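S.K.: Attaching a single structure in structure tokens format; questions to follow.
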Amino acid sequence: MAAPLDMEPSALSLELLPTDPLLLILSFLDYRDLMSCCYLSRRLNQLSSHDPLWKRHCKKYWLISEEEKSQRNQTWKAIFISTYSDLGRYIRYYGTLKKAWDDLEKYLGQRCPRMIGSLKESVREEDLDAVEAQIGCKLPDDYRCSFRIHNGQKLVVPGLMGSMALSNHYRSEDLLDIDTAAGGFQQRPGLKQCLPLTFCIHTGLSQYMALESVEGRNKYEIFYQCPDQMARNPSAIDMFITGTSYLEWFTSYVNKVVTGGYPIIRDQIFRYVHDKECVATTGDITVSVSTSFLPELSSVHPPHYFFTYRIRIEMSKDALPEKACQLDSRYWRITNAKGDVEEVQGPGVVGEFPIISPGRVYEYTSCTTFSTTSGYMEGYYTFHCLYYKDKFFNVTIPRFHMVCPTFKVSTARMVSGDAEPNHNEYAVDEDEDSTDTDEYEDRRRVLDIPAPSGRCPRHT
């Protein structure tokens, strides 16, 4: 007998679904919802404990590999739960920071192995709690999470956070361990409630993280301090901003390192940034430039922005032997943000007259300063041929831009009335502008080029 037409169909129950489609549905749930299913019914409790469901979460949040699972001899669910009980408060950050640390260790292990030896083991949760009690401030969870992976670095050279060198100036920044950072916690005016993240034993340079929104800083903002030399108030400290949070600051730095954005020079990370478009080829010679801003030699008041540039000159390995040549002089056209132009011409580079031949590379470092927050340089080198000594030619130096990072003017200076009405971070003036300063050059770094005799052969 047919069922009555007005009979309502029975409600579909999730539990009535076959096992396979139900497991597929559960595989799309986040760990919180998957755990909640354990308490809904006996069948869902059994299915939500299906071990492959937890494999995805272990890999996503804790970066647990198959090899590590086999070593621990636990189910995926057991691994997830035990790890969560230890690191659960950091689940938003752990996967990202652990990957950054793993990538950095792998990259440096091949290129800067001695730096790996300077990394310290992780700290315990109670150690971080003790530091918070000591300084009277809460540490951000992303910072705490990173130190549950590695407790910073020993105070050694080279520093994990990069180096910079000129002939009369050198720095190498270490990532501080938690105890050293806590010892440098600041309560003095100008740096109230700021925790140092890095330290350079050569210059005293540090990057700080603001643990509270005071003195014009945003909470968890990271910066280099820059004393205002024109203010009467010693607490007037301007800031060059390097990050908005620890997670952003650390992972962006690691990304630049592991993608080759920062060069490895003499077993150290050097924080030179290379614009891929900043390359010029003249005949068989290619010139490329990378730049870096040096906060410790810069100031907002008075406006003085210090940049270094590293130039690579290379002759194609396919060039004919008779293309070998020697650099005689340089010409620079330097333009600041106001459009003012300065021209500089002089013999050689950094006091040298390098010889370039097929497949050879010459690199050197020099610097310049601007009284505006940005500027650019361009120019050419003049070479003469070694085989045809009367033949001279110019090689283009591509235009390269230098821009001061974002900065904040000291609130103490503004409140005290020291600030001049025409001075702000976008409009600054100074009588003397940019200078091509070869006397600051780094010592020559030559690849496959024999050391010169000390004098240019053409002038002997």
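S.K.: What about Tyr381, is it open to solvent by 40 Å² or more (accessible area, probe 1.4 Å) and either basic (Lys, Arg) or out of contact with any Cys (no Cβ under 8 Å at 6 or more places or on another chain) (or both)?
M.R.: Numbers: open to solvent by 40 Å² or more (accessible area, probe 1.4 Å): no; either basic (Lys, Arg) or out of contact with any Cys (no Cβ under 8 Å at 6 or more places or on another chain) (or both): yes.
So Tyr381 fails the test.
S.K.: Next question. Looking at this structure, is Phe223 under 29 Å from Thr83 (Cβ atoms), modelled with pLDDT of 95 or more and open to solvent by less than 60 Å² (accessible area, probe 1.4 Å)? Explain how you work it out, then say what you get.
M.R.: Working: under 29 Å from Thr83 (Cβ atoms): no; modelled with pLDDT of 95 or more: yes; open to solvent by less than 60 Å² (accessible area, probe 1.4 Å): yes.
Criteria not met by Phe223.
S.K.: Would you confirm, using the coordinates I've provided, whether Phe392 is surrounded by fewer than 20 Cβ atoms within 10 Å (Cβ to Cβ) and more than 21 Å from Thr291 (Cα to Cα)? Walk me through how you get there before you give the answer.
M.R.: Details: surrounded by fewer than 20 Cβ atoms within 10 Å (Cβ to Cβ): yes; more than 21 Å from Thr291 (Cα to Cα): yes.
For Phe392, the condition - surrounded by fewer than 20 Cβ atoms within 10 Å (Cβ to Cβ) and more than 21 Å from Thr291 (Cα to Cα) - is met.
S.K.: Further question: Would you confirm whether any residue within the stretch 278-301 is surrounded by fewer than 16 Cβ atoms within 10 Å (Cβ to Cβ), of a type outside the set (A, V, I, L, M) and modelled with pLDDT under 95?
M.R.: No: the stretch 278-301 contains no residue that is surrounded by fewer than 16 Cβ atoms within 10 Å (Cβ to Cβ), of a type outside the set (A, V, I, L, M) and modelled with pLDDT under 95.
S.K.: Let me ask you something else. Which residue, of Thr396, Thr335, Thr372, is in contact (Cβ under 8 Å) with a residue 60 or more places away in the chain and farther than 20 Å from Thr286 by Cβ? Outline the logic, then answer.
M.R.: On the way: Thr396 fails: farther than 20 Å from Thr286 by Cβ; Thr335 fails: in contact (Cβ under 8 Å) with a residue 60 or more places away in the chain.
Just one listed residue meets the conditions, Thr372.
S.K.: Would you please name the residue that is farthest from Ile264 (Cα to Cα), looking only at residues in the stretch 158-178 that are of a type in the set (A, V, I, L, M) and not in a helix (DSSP H, G or I)?
M.R.: So the residue we want is Leu176.
S.K.: Tell me which residues, restricted to the stretch 246-269, are surrounded by fewer than 17 Cβ atoms within 10 Å (Cβ to Cβ) and of a type in the set (S, T, N, Q).
M.R.: Scanning the stretch 246-269 gives Ser252, Asn255, Thr259.
S.K.: So, one more: Quick check, is Pro196 under 26 Å from Leu108 (Cα atoms), without any contact (Cβ under 8 Å) to a residue 24 or more places away in the chain and open to solvent by less than 20 Å² (accessible area, probe 1.4 Å)? Steps first, please.
M.R.: Numbers: under 26 Å from Leu108 (Cα atoms): yes; without any contact (Cβ under 8 Å) to a residue 24 or more places away in the chain: yes; open to solvent by less than 20 Å² (accessible area, probe 1.4 Å): yes.
When the stated conditions are applied, Pro196 passes them.
S.K.: For the subset of the stretch 104-126 comprising residues that are of a type in the set (S, T, N, Q) and out of contact with any strand residue (DSSP E or B) (no Cβ under 8 Å at 6 or more places or on another chain), which member is least open to solvent (accessible area, probe 1.4 Å)?
M.R.: Residues of the stretch 104-126 of a type in the set (S, T, N, Q): 110, 118, 122.
Now drop any that are not out of contact with any strand residue (DSSP E or B) (no Cβ under 8 Å at 6 or more places or on another chain), which leaves 110, 122.
Values: Gln110: 128, Ser122: 60 Å².
This residue is Ser122.
S.K.: Residues of the stretch 104-137 being of a type in the set (D, E, K, R) and modelled with pLDDT of 95 or more, which ones? Give the steps one after another, and end with the answer.
M.R.: Initially, the stretch 104-137 is screened for residues of a type in the set (D, E, K, R), giving 105-106, 111, 114, 120-121, 124-127, 129, 132.
Glu105, Lys106, Lys120, Glu121, Arg124, Glu125, Glu126, Asp127, Asp129, Glu132 - these are the residues of the stretch 104-137 that are of a type in the set (D, E, K, R) and modelled with pLDDT of 95 or more.
S.K.: To continue, here is another question. Only one of Val131, Val156 is among the aliphatic types (A, V, I, L, M) and surrounded by fewer than 19 Cβ atoms within 10 Å (Cβ to Cβ). Can you tell me which?
M.R.: Numbers: Val131 fails: surrounded by fewer than 19 Cβ atoms within 10 Å (Cβ to Cβ).
Only one candidate passes the filter, namely Val156.
S.K.: Right, next: Does Gly162 count as surrounded by fewer than 19 Cβ atoms within 10 Å (Cβ to Cβ), of a type in the set (Gly, Ala, Ser) and under 25 Å from the mean Cα position of the chain (by Cα)?
M.R.: Numbers: surrounded by fewer than 19 Cβ atoms within 10 Å (Cβ to Cβ): no; of a type in the set (Gly, Ala, Ser): yes; under 25 Å from the mean Cα position of the chain (by Cα): yes.
Taking the combined requirement at face value, the residue does not satisfy it.
S.K.: Exactly one of these conditions fails for Leu191: (1) part of a loop (DSSP other than H, G, I, E, B); (2) open to solvent by 10 Å² or more (accessible area, probe 1.4 Å); (3) modelled with pLDDT of 95 or more. Give me its number.
M.R.: (2)
S.K.: Any idea how many residues of the stretch 40-49 are open to solvent by 80 Å² or more (accessible area, probe 1.4 Å) and under 16 Å from Leu29 (Cβ atoms)? It would help to see each step written out before you state the result.
M.R.: Pass one, the stretch 40-49, residues open to solvent by 80 Å² or more (accessible area, probe 1.4 Å): 40, 42, 46.
When the remaining residues are screened for being under 16 Å from Leu29 (Cβ atoms), the result is 40, 46.
Number satisfying all stated conditions: 2.
S.K.: Is it true that Lys338 is surrounded by fewer than 20 Cβ atoms within 10 Å (Cβ to Cβ) and either at pLDDT 95 or above or under 30 Å from the mean Cα position of the chain (by Cα) (or both)?
M.R.: Working: surrounded by fewer than 20 Cβ atoms within 10 Å (Cβ to Cβ): yes; either at pLDDT 95 or above or under 30 Å from the mean Cα position of the chain (by Cα) (or both): yes.
It is true that Lys338 is surrounded by fewer than 20 Cβ atoms within 10 Å (Cβ to Cβ) and either at pLDDT 95 or above or under 30 Å from the mean Cα position of the chain (by Cα) (or both).
S.K.: A further question on this structure: Criterion first (touching an Asp or Glu at 6+ places or on another chain (Cβ under 6 Å), open to solvent by 10 Å² or more (accessible area, probe 1.4 Å) and not acidic (Asp, Glu)) does Arg399 satisfy it?
M.R.: Numbers: touching an Asp or Glu at 6+ places or on another chain (Cβ under 6 Å): yes; open to solvent by 10 Å² or more (accessible area, probe 1.4 Å): yes; not acidic (Asp, Glu): yes.
Considered against the rule, which asks whether it is touching an Asp or Glu at 6+ places or on another chain (Cβ under 6 Å), open to solvent by 10 Å² or more (accessible area, probe 1.4 Å) and not acidic (Asp, Glu), Arg399 comes out as yes.
The values are calculated or read from the model by the stated rules, or taken from the named source; none is laboratory data. Because the structure is predicted, anything quoted here is derived from the model rather than measured. When we count neighbours, we look across all protein chains shown, and the Cβ atoms used for this are built from the backbone with ideal geometry, even at glycine. The area values use the complete protein model at the heavy-atom level, side chains included, leaving out ligands, DNA and RNA. Shrake-Rupley method; radii C 1.70, N 1.55, O 1.52, S 1.80 Å.
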